[in-house]
Amino acid sequence: MITQTERHQFILTKLSKESFVNVLDLCKELDVSSVTIRKDLKLLEDKNLLFRTHGGATLNNPYTIDRPVNEKEKLQSGEKMKIGAMAAQLIAENDSIIIASGTTVLALAKNIPPKLNATVITASLQVAQELNKHPDIEVMMLGGILRKSSSSVTGPYAQKILTDFFCSKLFLGVDGIDLEFGLTTTSVMEAHLNRQMIDVSQKVIVLSDSTKFGKRGFGRICGLEEIDQVITDSGISDHYVNQLESRGIEVTIVN
């Protein structure tokens, strides 16, 4: 019979390859009970070797914290610019789109061609300022409560304005993507606004660097069944790619 030490090594090796392990999968692979696996995960968590989650474990702390937007801009900045450049290619001439808020969608705004004709609705002050430089882009800035940490607006007034429109694409930034819990952000009010954006958009495109996978923010936006495409960087594990694609979500990876 496999020893505890061998089980722990198997779990850590699998985690290093896939970034996430599932209790039921480990039970089958190691031929032990779920009680045994949960005890193993508890011991490994006590040694700070992993973080337990509902139904499994991950290498990274799954819970996100709210950070100021100027601090977020410095994180994975190269990956975000590549993701933004890829996303900009999806905007067609005369498109009507929504750009939510966050540093990754700001990277999208910075990559939109200067002579593109389009209508952009946004909750982000920074996105609006960036696109204000473009003479052929009509910018509609949502009104509402200013959330200082993200330089964006939230609240029922912003949600109400959106009910008058329908857009071809929504470009959405998130703080966490969890296979069970779905898309999340650190603000409940922002999550509600994002939900309304999804309801008035034909296609939902999530822009997220790979560090967001397996994480959960305080406010749930929606389940994964609501999204059509994810654009991310090469740091994403094969496990997440396979899980997303198995649910019919297009995954685009930038290098």
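The values are calculated or read from the model by the stated rules, or taken from the named source; none is laboratory data. Owing to the predicted nature of the structure, the values given are computational and were not obtained by experimental measurement. Note that we place each Cβ from the backbone using ideal geometry, even for glycine, and neighbour counts take in every protein chain shown. Accessible surface is based on the protein model in full, side chains and every heavy atom, while ligands, DNA and RNA are left aside. Shrake-Rupley method; radii C 1.70, N 1.55, O 1.52, S 1.80 Å.
Among beta bridges identified by DSSP and lying wholly in the range 83-152, the antiparallel ones come to about 15 percent.
Note on exposure: Thr53, Thr5 ranked by accessible area (1.4 Å probe, complete protein assembly) read Thr5, Thr53, with the most exposed listed first.
For the chain, the share of accessible area belonging to carbon and sulfur comes to 50 percent (1.4 Å probe, ligands and nucleic acids excluded).
Dipole orientation for the range 4-58: of the candidates Gly56, Val32, Ile11, Gly56 has the Cα lying most toward the positive pole (charges on Cβ; Lys, Arg +1; Asp, Glu -1).
Stretched out straight at 0.36 nm per residue, the stretch from Lys203 to Leu43 would grow longer than its current Cα-Cα span by 53.3 nm. Derived scalar couplings between HN and Hα for the range 218-228 equal 5, x, 7, 8, 5, x, 5, 5, 8, 9, 9 Hz in order, rounded to whole Hz, by the Karplus curve 6.51 cos²θ - 1.76 cosθ + 1.60 (θ = phi - 60°), x for Gly and Pro. Pairs of Lys residues in the range 1-158, spaced 8 or more positions apart or belonging to different chains, with C-alpha separations under 19 angstrom: 19 in total.
Here the range 69-253 is assigned +1 on the Cβ of each Lys and Arg and -1 on the Cβ of each Asp and Glu. Its dipole about the Cα centre then comes out at about 520 debye. Taking 1.306 mPa s as the viscosity and 10 °C as the temperature, the Stokes-Einstein diffusion coefficient of the range 138-255 based on its alpha-carbon Kirkwood radius rounds to 108 µm²/s.
Under a model in which nothing but the beta-carbon of Lys, Arg (+1) and Asp, Glu (-1) is charged, the range 151-255 shows a dipole of about 280 debye around its Cα centre.
Summing Lys, Arg as +1 and Asp, Glu as -1, what charge do residues with Cβ under 15 Å from the Cβ of Thr122 carry, Thr122 excluded? Spelling it out: positives minus negatives among the neighbours equals 0. Bridges between two residues of the chain, per DSSP, are antiparallel at a rate of about 35%. The simple Förster model, with R0 at 41 Å and r as the Cβ-Cβ distance, assigns Leu146 and Glu6 a FRET efficiency of 0.15. A 1.4 Å probe, protein heavy atoms only, puts the accessible area of Val35 near 90 Å².
Ser246 sits among other residues whose Cβ lies under 13 Å from its own Cβ, and their net charge, with Lys and Arg +1 and Asp and Glu -1, is -3.
Across the range 3-133, the relative contact order, built from alpha-carbon pairs under 8 Å that are at least six residues apart, equals 17 percent. Ordering Leu224, Ser151, Pro114 by Cα displacement along the dipole of the range 110-255 toward the positive end leaves Ser151 in first place; charges were set at the Cβ atoms of Lys, Arg (+1) and Asp, Glu (-1). Across the chain, the mean sequence separation of Cα contacts (distance under 8 Å, 6 or more residues apart), normalised by length, yields a relative contact order of 17 percent.
If you sort the three axes of the alpha carbon gyration tensor as a ≥ b ≥ c, you get a/c under 1.5 for the range 72-202, which makes it rounded.
Mean sequence separation of contacting Cα pairs (under 8 Å, at least six apart), scaled by the length of the range 164-255, corresponds to a relative contact order of 31 percent.
At full extension, Lys17 and His54 could sit 11.4 nm farther apart than now, given 0.36 nm per residue minus the alpha carbon distance. When shorter helices are ignored and each DSSP H run of at least 4 residues is given -39500 (n - 2.57), the per-residue value for the chain at 222 nm works out to -11000 deg cm²/dmol.
Let a ≥ b ≥ c be the square roots of the eigenvalues of the Cα gyration tensor of the range 4-58; is it rounded (a/c under 1.5), or, if not, prolate (a/b larger than b/c) or oblate? Here the range 4-58 falls in the rounded category.
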